[in-house]
Amino acid sequence: MTTRRKTSEELRSHRWYGADDLRSFGHRSRTKQMGYASEDWAGKPVIGIINTWSEANSCHFHLRQRAEEVKRGVWQAGGYPIEMPAISLGEVLMKPTTMMYRNLLSMETEELLRSNPIDGAVLLGGCDKNIPGLLMGAISMDIPAIVVPAGPMLRGNWRGKPLGSGSDVWKYWMELKSGGIQNADWDEMEDGIARSFGTCMVMGTAATMMSMAETLGFTLPGASSIPAADSNHARMASLVGRRVVDMVWEDLKPSDILSAKSFDNAIRALMAMGGSTNGVIHLVALAGRAGIPLTLDRFDEIARTTPLIANIRPSGQYLMEDFFYAGGLRAFLEKLRPMLNLDARTVSGKTLGEDIAGAETLIPDVILDVDKALKADGALAIVKGNLAPDGAVIKPAAAEPRLHKHSGPALVFEDYNDMAARIDDPNLDVTADTVLVLKQSGPLGGPGMPEWGMLPIPQKLLKQGVRDMVRISDGRMSGTSYGACVLHVSPESHVGGPLALVKTGDIIELDVAARTLNMKVSDEELALRRAGWKQQPVVYGRGYGFIFTKHVQQADKGCDFDFLRADAGPKVPEPEIH
Ligand code: FES
């Protein structure tokens with residue numbers, strides 16, 4: 001494809017720097033204030049490097065250095081780099097949940113790019129919500145943009161055994177509580193589970209969303225699988241710096257890259273990698289920013305015809321470092337070639353089919369052949385019924401198969417504090433067949449839809465050897481988590497969704513094969529309960545939380561703010577310069 005290249009006068013930044021007036025004098029003189037001469041920027045693409053580095057986010061600890069490597073590439077290619085810090089969504093320390101702030105990062109990204117003389121953007125991030133937040137903003141702004149994924153950290157290690165972020169924490173915590181390991185073992189794991197900078201190194205939300213960014217076409221081919229501490233990662237960053245300058249001249253924008261087909265590719269990859277349930281919410285939100293219709297039903301349709309071929313925890317055995325050595329995302333996508341829309345465009349300037357062509361799988365036990373899939377289909381499933389009329393998500397690939405079809409009495413927790421107070425009570429009336437139900441954990445009820453959806457197994461049952469049971473909530477769960485957890489129940493309990501009406505003892509029926517989730521309670525009884533139901537007060541009376549609670553949409557709509565979707569209003573105009 002031949003593309004007309006922009007002229008210097010057509011650059012967005014030319015409006016700031018190129019005019020012969022009082023304001024441009026200020027823009028130029030204050031750029032010189034930083035020690036740059038006009039030769040450094042005049043007539044060149046200005047590249048905004050949006051950096052989510054922060055000491056409050058250990059997963060991004062290397063991004064200060066990576067920004068320097070991106071700048072090196074930008075200079076080499078004849079661009080002018082400007083680094084701009086943005087809020088860093090550190091999954092571990094940030095409370096009540098980073099999901100509260102994903103949309104804030106997206107707004108910050110969009111407005112940083114709009115309000116400054118930026119021609120193209122490099123987005124640095126990786127920890128869970130950072131990639132979707134950055135991309136949502138860049139899609140809304142629609143100038144050339146490319147992602148430097150933070151990359152996974154090195155494998156964890158405990159006494160020679162590989163440890164996976166999150167997944168092994170949950171596993172060994174249960175062992176500690178049931179007496180399987182001792183406090184000294186647990187302390188050793190604390191030293192060995194996070195050995196380098198980079199994101200969680202299982203197929204959690206971070207690895208999933210970095211892979212989604214690549215599959216959608218927003219990273220250089222293979223970039224999402226490179227471990228953060230590998231020198232290939234630094235070289236990828238400077239290559240990104242070189243590439244983004246060309247993207248500006250080519251005017252290759254998110255709207256040229258995204259289509260219904262590219263979202264289908266991302267969903268296909270999500271299912272084949274046993275990706276995080278959070279990926280569903282984020283992809284719906286990204287599609288909303290791009291003005292591309294995407295419903296939960298599309299996820300279920302694609303899941304039904306997609307084999308699970310990434311043998312990575314929590315659905316499989318290995319870790320992301322192994323995935324990289326096995327050939328990474330390019331090799332993984334090459335296995336799926338017949339199921340992909342190969343003509344989707346990417347930031348490389350080529351098609352996805354060209355980007356993955358010839359990629360070899362080097363460790364066949366990590367990236368499996370389709371006929372050796374861990375699961376023939378349905379890594380994730382969308383279930384609906386009188387308990388979740390607008391849908392809920394479950395990850396059958398990471399749940400005990402005996403629980404895929406289950407009927408049992410509900411044990412209801414009205415909110416997180418209620419659960420925390422009672423879950424380990426030795427007198428709790430619970431058996432392995434009980435269905436644990438948690439209310440008030442949705443977008444408004446949490447608020448922010450915290451990752452409470454993997455409700456802990458009651459200690460009483462842990463001691464009996466129980467390691468999985470059906471759990472239902474309107475919250476999310478970490479991508480590192482596992483179990484028969486029905487998540488994202490929509491509409492949520494806080495707004496009066498049917499989940500609000502469930503009582504302890506009600507029989508709940510889950511049937512993953514039939515894609516159903518129902519409570520065996522008559523419509524008459526539900527109407528009576530609804531008449532007596534009272535909404536909990538919202539938590540925030542001012543500040544960002546106030547905006548969040550006024551505008552966040554339900555999980556099946558991607559939890560974006562209603563006013564940020566592409567269809568919320570006319571395109572925002574370019575700023576006047578005066
Ligand atoms: Fe940052 Fe998991 S805590 S990716």
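Every read-out reported here was derived from the displayed coordinates using simple, explicitly stated rules and does not represent laboratory data. This one's a predicted model, so the numbers in the text were calculated from it and none came from an experiment. Positions of Cβ are backbone-derived with ideal geometry, glycine not excepted, and every protein chain shown enters the neighbour counts.
General observations
- Scaling against 2.2 N^0.38 Å puts the C-alpha radius of gyration of the stretch 41-181 at 1.26.
- Pairwise centroid distance, computed over Cα atoms, of the stretch 420-475 with the stretch 361-410, Å: 20 Å
- Under 23 Å of direct C-alpha separation, and excluding same-chain neighbours fewer than eight residues apart, Lys372 reaches these lysines: Lys335, Lys395.
- The relative contact order of the chain, computed from alpha carbon pairs under 8 Å that lie at least 6 residues apart in sequence, is 13 percent.
- Antiparallel bridge percentage (DSSP; both residues within the chain; nearest 5): 45 percent
- Once the Cα atoms are used to define both axes, helix 22-32 deviates from the longest principal axis of the chain by about 80 degrees.
- For the peptides 132-138, 247-253, 362-368, residues were scored by their other Cβ atoms within 10 Å and the scores averaged per peptide; the highest-first order is 132-138, 247-253, 362-368.
- Whole-Hz ³J(HN,Hα) from phi, Karplus 6.51 cos²θ - 1.76 cosθ + 1.60, for the stretch 341-346, glycine and proline x: 8, 6, 8, 5, 7, 9
- Degrees separating the helix 63-76 axis from the principal Cα axis of the chain, which is the longest one: 30 degrees
- Based on the Kirkwood approach, the hydrodynamic radius assigned to the stretch 265-415 is 16.7 Å, with every pair of different Cα atoms included.
- Cα-based convex hull volume of the stretch 384-431 per residue, rounded to whole Å³: 133 Å³
- Residues in the stretch 129-148 that a label on Met84 would reach, taking backbone N under 17 Å of a point 7 Å out along Cα→Cβ: 131, 133-148
- Rotationally averaged projected area of the chain (alpha carbon convex hull; nm²): 26.7 nm²
- Those lysines that a straight Cα-Cα span of less than 22 Å connects to Lys463, excepting residues fewer than 8 apart in one chain: Lys171, Lys177
- Seen against the Cα atoms of the chain and their longest principal axis, helix 183-192 is set at about 20 degrees.
- Pairwise Cα inverse-distance average, inverted: Kirkwood Rh of the stretch 361-489 (Å): 15.7 Å
- Separation of the Val539 and Gln182 label points, Cα + 7 Å toward Cβ, nm: 4.0 nm
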